[in-house]
Amino acid sequence: MVDQSLLGLARRLGNPLANAGGHPHPTAVAVRDALDAYREGHRRHHTTQHLREMVVEVARLEGAVPPAVAGAIIFHDVVYDPERDDNELASADRARVDLDGLVAEELVATVVRLVLLTAEHEVDDDDALGALVVDADLWILASPPPRYDRYVQDVRREYAHLDEATWRQGRAEVLRHLRARMDAHGFLVGERPDRQARTRQAVVNIERELHALEA
């Protein structure tokens with residue numbers, strides 16, 4: 001069964017969980033179907049726990065989850081296959097198809113745009129919604145060391161098809177990219193001390209993992 005707290009994101013998209021006849025609203029059905037994808041057997045990190053952690057971080061930073069951000073959280077990893085390189089594009093396409101006709105066209109377009117941002121995590125200076133989604137998606141980098149270590153283990157299990165040498169090389173490249181992003185931008189939302197603290201913790205976690213990979 002899908003976490004009921006995540007089904008509540010359907011309300012943030014502007015529709016109730018049930019219509020007047022007591023039947024599930026089509027938007028709630030689309031959300032439930034999308035959330036079911038996060039229970040696929042090959043997933044370890046890209047699960048509903050990741051979504052719940054994003055919701056918690058958005059609520060901490062913003063006080064509430066804006067409708068477009070709710071949609072982006074639901075759909076940003078709805079397609080996840082470690083052996084393909086277009087997961088975000090495919091996820092955005094799924095959001096476009098699943099939400100078409102259920103919510104306003106402008107909202108659909110914004111959800112699609114926000115999902116695509118999670119590929120490179122690069123945000124324009126005036127994109128408040130994009131900054132919120134990116135910060136929430138990257139929250140795991142600044143998580144406490146035990147949680148970060150479990151995240152690393154979970155991602156490794158998702159890439160179990162790779163031999164150790166290939167994994168270490170590819171993961172190190174990803175981490176160097178993330179470290180460069182932290183150096184250039186850091187976290188984007190919240191008061192400056194909060195942003196700086198998260199950025200410092202992310203750098204510590206990234207450097208610690210890099211050291212272990214290169215040992």
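The values are calculated or read from the model by the stated rules, or taken from the named source; none is laboratory data. Values in this document were obtained by computation on a predicted structure and should not be read as measured data. Methodologically, a virtual Cβ is constructed for each residue, glycine included, from the backbone with ideal geometry; neighbour enumeration extends over all protein chains shown.
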Practice task
Could you pull out the residue among LEU178, LEU188, LEU213 that is outside the structural domain of LEU132 (by TED's automatic domain parsing), part of a helix (DSSP H, G or I) and within 30 Å of ALA64 (Cβ to Cβ)?
Solution key: LEU178
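Identify, please: which residue in the stretch 191-210 is of a type in the set (D, E, K, R) and in a helix (DSSP H, G or I) and is, among those, nearest to ASP81 (Cα to Cα)?
Checking each candidate, the answer is GLU209.
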Exercise for the section: Filter the stretch 50-72 for residues that are touching a helix residue (DSSP H, G or I) at 6+ places or on another chain (Cβ under 7 Å) and outside any helix (DSSP H, G or I) and give the result. Expected result: VAL65, PRO66
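Conditions tested, residue by residue: (1) in contact (Cβ under 8 Å) with a residue 40 or more places away in the chain; (2) of a type in the set (Gly, Ala, Ser).
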residue: ALA104; (1), (2): yes, yes
residue: LEU114; (1), (2): yes, no
residue: ASP124; (1), (2): no, no
residue: ARG150; (1), (2): no, no
residue: ARG157; (1), (2): yes, no
residue: GLU191; (1), (2): no, no
Fill in the blank from the handout: By residue number, the members of the stretch 113-128 that are under 15 Å from the mean Cα position of the chain (by Cα), in a helix (DSSP H, G or I) and under 17 Å from MET54 (Cα atoms) are LEU114, VAL115, LEU116, LEU117
Practice task
Among the residues of the stretch 66-79, write down those that are crowded, with 22+ Cβ neighbours inside 10 Å and either closer than 14 Å to ALA128 by Cα or not β-branched (Val, Ile, Thr) (or both).
Solution key: ALA68, VAL69, ALA70, GLY71, ALA72, PHE75, HIS76, ASP77
Practice task
Those residues that are of a type in the set (A, V, I, L, M) and more than 21 Å from the chain's Cα centre (by Cα), I need them from the stretch 163-203; list them, please.
Solution key: ALA165
Exercise for the section: Filter the stretch 180-195 down to residues that are surrounded by fewer than 17 Cβ atoms within 10 Å (Cβ to Cβ) and farther than 16 Å from SER143 by Cβ, then give me how many there are. Expected result: 7
Practice task
Working only within the stretch 80-129, note down all residues that are among the basic types (Lys, Arg) and buried (at least 16 other Cβ atoms within 10 Å of the Cβ).
Solution key: ARG94, ARG113
Exercise for the section: Please work out which residue is farthest from LEU13 (Cα to Cα), limiting yourself to the stretch 97-113 and to residues that are touching a Phe, Trp or Tyr at 6+ places or on another chain (Cβ under 9 Å) and not β-branched (Val, Ile, Thr). Expected result: ASP98
